[in-house]
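Inspection log for the structure reproduced underneath, given as structure tokens.
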Amino acid sequence: MTTKNGKTAPGPRGRGELTLLGGGATSYPTDYDPSLLEKFENRHPDNDTLVSLHCPEFTTLCPITGQPDFGELRIRYVPDRWLVESKSLKLYLFSFRNHGDFHEDVCNVVMKDLRALLAPKYVEVAGLFRPRGGIAIRPLAVWAPPRGPYAPLAREARARFDAPGS
């Protein structure tokens, strides 16, 4: 595709390895399944783009009682070569609906699955779960290379996460 000034602009993305986006009828998973996650190439790996994804209607089950737990997951990451495809992320997060796991485990599992898929420069997964038994649990799983440029961002995320007014 050529722009008005004669420069070549990137054309529309091909589907490549993406199988879920635009694939017709959607099949919703009933069990935790990290293989649902799909990625596509980041066209700007030289930029430090902070990607923020919110899942305001996240559900999982208490592994002990089987009672449903409701909350919000907030994911932030700085991609390197890969970005997560959002429909695959939606279906992946939906796969927790009938999965029993503690809130802290959920955030760590999601963070580790995204880290394995994307090899990002930085990733954090925050869980803001609704109170059960009068207690709201707010876990935060963060990863950055310890000596890399994002280590201060990881420390800041942990410090600000549950600060008053956040």
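Which condition number in (1) out of contact with any Asp or Glu (no Cβ under 8 Å at 6 or more places or on another chain); (2) under 28 Å from Pro68 (Cα atoms) is the one that Ala144 fails? Evaluating Ala144 over (1) out of contact with any Asp or Glu (no Cβ under 8 Å at 6 or more places or on another chain); (2) under 28 Å from Pro68 (Cα atoms) leaves (2) as the failure. Applying the criterion of being in contact with a Gly (Cβ under 7 Å, 6 or more places away or on another chain) and in a strand (DSSP E or B) to the residues of segment 59-99, the residue that is modelled with the lowest pLDDT is Leu61.
Taking the criterion of being in contact with a helix residue (DSSP H, G or I) (Cβ under 8 Å, 6 or more places away or on another chain) and either among the acidic types (Asp, Glu) or in a loop (DSSP other than H, G, I, E, B) (or both), the residues of segment 128-166 that qualify are Ile137, Arg138, Pro139, Ala144, Pro145, Ser166.
Results for (1) farther than 16 Å from Lys112 by Cα; (2) touching a strand residue (DSSP E or B) at 6+ places or on another chain (Cβ under 6 Å); (3) in contact (Cβ under 8 Å) with a residue 40 or more places away in the chain, shown as yes or no for each residue.
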position	(1), (2), (3)
His44	yes, no, no
Ser52	yes, yes, no
Phe58	yes, yes, yes
Phe70	yes, yes, yes
Lys90	yes, no, no
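Among the residues of segment 32-51, the ones that are part of a loop (DSSP other than H, G, I, E, B) and out of contact with any Ser or Thr (no Cβ under 6 Å at 6 or more places or on another chain) come to 9 in all. What do you reckon, is Phe161 of a type outside the set (Gly, Ala, Ser) and touching a Gly at 6+ places or on another chain (Cβ under 6 Å)? The answer is no for Phe161. Scanning segment 44-92 for residues that are closer than 25 Å to Tyr150 by Cβ, hydroxyl-bearing (Ser, Thr, Tyr) and over 14 Å from the mean Cα position of the chain (by Cα) turns up just one, Thr49.
Pairing residues of segment 145-158 that are touching a residue at least 24 places away in the same chain (Cβ under 8 Å) and surrounded by 12 or more Cβ atoms within 10 Å (Cβ to Cβ) with residues that are among the acidic types (Asp, Glu) and not in a helix (DSSP H, G or I), at Cβ distances under 6 Å and at least 6 apart in sequence or on separate chains, gives Ala157/Glu124.
Considering only segment 100-127, how many residues are in a strand (DSSP E or B) and buried (at least 20 other Cβ atoms within 10 Å of the Cβ)?
Within segment 100-127, the subset in a strand (DSSP E or B) is 100, 122-127.
Then drop every residue that is not buried (at least 20 other Cβ atoms within 10 Å of the Cβ), which leaves 122-127.
Here the count works out to 6.
The values are calculated or read from the model by the stated rules, or taken from the named source; none is laboratory data. All figures in this text were calculated on a predicted structure; none of them were measured in a lab. Methodologically, a virtual Cβ is constructed for each residue, glycine included, from the backbone with ideal geometry; neighbour enumeration extends over all protein chains shown.
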